[in-house]
1. When only residues in the range 59-76 that are under 16 Å from L138 (Cα atoms) and surrounded by fewer than 21 Cβ atoms within 10 Å (Cβ to Cβ) count, which is nearest to the chain's Cα centre (by Cα)?
2. For the range 122-142, enumerate the residues that are farther than 15 Å from G79 by Cα and either in contact with a Ser or Thr (Cβ under 6 Å, 6 or more places away or on another chain) or at pLDDT below 85 (or both).
3. Tell me, please, whether a residue that is modelled with pLDDT of 95 or more, in a loop (DSSP other than H, G, I, E, B) and either among the hydroxyl-bearing types (S, T, Y) or within 30 Å of K135 (Cβ to Cβ) (or both) can be found in the range 44-55.
4. Kindly check whether there is at least one residue in the range 104-121 that is closer than 18 Å to L136 by Cα, at pLDDT 90 or above and of a type outside the set (F, W, Y).
5. Among the candidates L43, L101, L136, which residue alone is under 17 Å from the mean Cα position of the chain (by Cα) and either among the aliphatic types (A, V, I, L, M) or under 30 Å from K24 (Cα atoms) (or both)?
6. Looking at D74, D139, which one is in contact with a strand residue (DSSP E or B) (Cβ under 7 Å, 6 or more places away or on another chain) and of a type in the set (D, E, K, R)?
7. Filter the range 28-38 down to the residues that are farther than 30 Å from S133 by Cα and surrounded by 15 or more Cβ atoms within 10 Å (Cβ to Cβ) and list them by number.
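The values are calculated or read from the model by the stated rules, or taken from the named source; none is laboratory data. Since we're looking at a predicted model, the values are computed, not measured. Neighbour counts run over all protein chains shown; Cβ positions are idealised from the backbone, glycine included.
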Amino acid sequence: MQLDARRIRQLMPLAFLAIGACSKPEPPTITPYAARVTAVTPLAIGLDLELDVENPNGFALMVQEVSGTMKLGDGVNVGTGRSEPKGSVPAHGKARVSAQLSVPWTNVAALAPFAASQKPVPYSFVGVAKVGSTKLNLDVPFVVRGEITRDQALKAGLRGLGGLIPGLP
């Protein structure tokens, strides 16, 4: 069977569509929008995250899980947390996904020097969002930075001592 130039021109758009359909899906982009420390207790740090997720693909994605490690000051690891936000991101679109995490202390002693300081405690949350669909499953890294107020650190430290020292809350 011989194809003439006219038939080739007719088939070209179909060939490009077939090539495009077989292309590798692109990873989404995650940009932290906001982070708020909602609680600092002797047991855990409460953290609310808002993440802007951009989906370059022609199919919708779900943010299935957000997890990560919280670090204080110059990188002192204090605990890990995870959340299942179930946020949806449309094809070729953007969405803001909210996640509420509880980060249990694995190193509550790391807070002690900060509670005595007059300055806020800098933190970073080094996270990964598990994003997927029927065609794609990826772990997309992100980092959020913020501060825990001195008051929050002090209250958490005092509450932690409350059962040991009479008269403390």
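1. If we filter the range 59-76 for residues that are under 16 Å from L138 (Cα atoms), which is where we start, we get 59-68.
In the following step, the residues that additionally are surrounded by fewer than 21 Cβ atoms within 10 Å (Cβ to Cβ) were identified as 59-60, 62, 64-65, 67.
Details: F59: 21, A60: 18, M62: 13, Q64: 11, E65: 8, S67: 6 Å.
Taking the candidates together, the pick is S67.
2. S133, T134, K135, L136
3. So far as the range 44-55 goes, yes, one or more of its residues are modelled with pLDDT of 95 or more, in a loop (DSSP other than H, G, I, E, B) and either among the hydroxyl-bearing types (S, T, Y) or within 30 Å of K135 (Cβ to Cβ) (or both).
4. Among the residues of the range 104-121, not one is closer than 18 Å to L136 by Cα, at pLDDT 90 or above and of a type outside the set (F, W, Y), which makes the answer no.
5. After applying the criteria, what remains is L101.
6. Being in contact with a strand residue (DSSP E or B) (Cβ under 7 Å, 6 or more places away or on another chain) and of a type in the set (D, E, K, R) holds for just one of D74, D139, which is D139.
7. Initially, the range 28-38 is screened for residues farther than 30 Å from S133 by Cα, giving 37-38.
The answer is V37, and nothing else.
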